[in-house]
Amino acid sequence: MVKSGKQARRAGTLADSPSHLMHRVLQLALDIYAEEAGTDGPTQRQFAVLEAVSVKSGLTQTDLVKATGIDRSTLADLVARMTTRGLLARERSSLDARAMAVSLSAEGKALLDAARPRVEAADRRIMGLLPKAKRDGFLELLGELAASADAAPEQAKAEIKALKKAQKEARKAEKAARKAAEPDKKARKPKKAKAVEPAL
């Protein structure tokens, strides 16, 4: 039996930990997904890649990282394995010769078409665990958290850039302060007394 929210909160610190609760919910969602997708269906991440590529063919792996939220190294491995299985095709991007553009193969499209109703069934099961009145709010909150996750890398880059700029300014200010505190070298040197020539 699932405890109500108030009962769960009394259970201890884990019940008050958003990271722990989200991890538990993720496990539940992935279990439901696996049951509905079946052993012949794509994994949740494979489905995300297939769906993203179906929306816009010719995405680079960098584009796919942004579209799916899957980290770069995991995505590169995933795309390589899906290409080997014949689900995706890769070719040099027409926009960037260094990048590979990814598109759906016929097999990939067939797998995606077969998977969509199963994924929708998994989503219905997950949402069915919540009261109807809370479902829209739940999706809205998930959307906000996902948007924060999408913004995190850019925000981290901006913070690093700001930190480097602040450090550079601090070094400049420190150098200027040292220079201002240091007396003029000429002023520090004692003046040599001029030799006085004896009168004749």
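A few points about this structure:
- Stretchable slack from Ala180 to Ala149, in nm (0.36 nm times residue separation minus alpha-carbon distance): 6.5 nm
- Charge tally in the Cβ shell below 14 Å around Ser54, where Lys, Arg are +1 and Asp, Glu are -1, Ser54 excluded: -1
- Between the amide H of Thr60 and those of Val102, distances stay under 5 Å, these residues lying 5 or more places away or on another chain, with hydrogens modeled in the peptide plane.
- Taking a ≥ b ≥ c as the square roots of the eigenvalues of the alpha-carbon gyration tensor, the stretch 36-114 is classed prolate because a/c is 1.5 or more and a/b outweighs b/c.
- Exposure check, 1.4 Å probe, all protein chains in place: Val25 carries approximately 80 Å² of accessible surface.
- In this simple spin-label approximation, Arg116 and Asp77 carry label points 7 Å from Cα along the Cα→Cβ vector, and these lie 3.0 nm apart.
- Summing +1 for each Lys or Arg and -1 for each Asp or Glu among the other residues whose beta-carbon sits under 12 angstrom from that of Leu112 gives 0.
- Here Lys164 sits with roughly 130 square angstrom of accessible surface, probe radius 1.4 Å.
- Each residue was assigned an accessible area with a 1.4 Å probe, and for Glu35 the value is about 120 Å².
- Each label was represented as a point 7 Å from its Cα along the Cα-to-Cβ direction; for Asp40 and Ala99 these points are 3.6 nm apart.
- Interchain or long-range residues, amide H under 5 Å from Leu88's placed H: Thr83, Ser105
The values are calculated or read from the model by the stated rules, or taken from the named source; none is laboratory data. The structure displayed is predicted, hence computed values, not measured ones. Glycine gets a Cβ as well: all are built from the backbone with ideal geometry, and neighbour counts include every protein chain shown. For accessibility, only protein heavy atoms count, side chains too; no ligands or nucleic acids. Shrake-Rupley method; radii C 1.70, N 1.55, O 1.52, S 1.80 Å.
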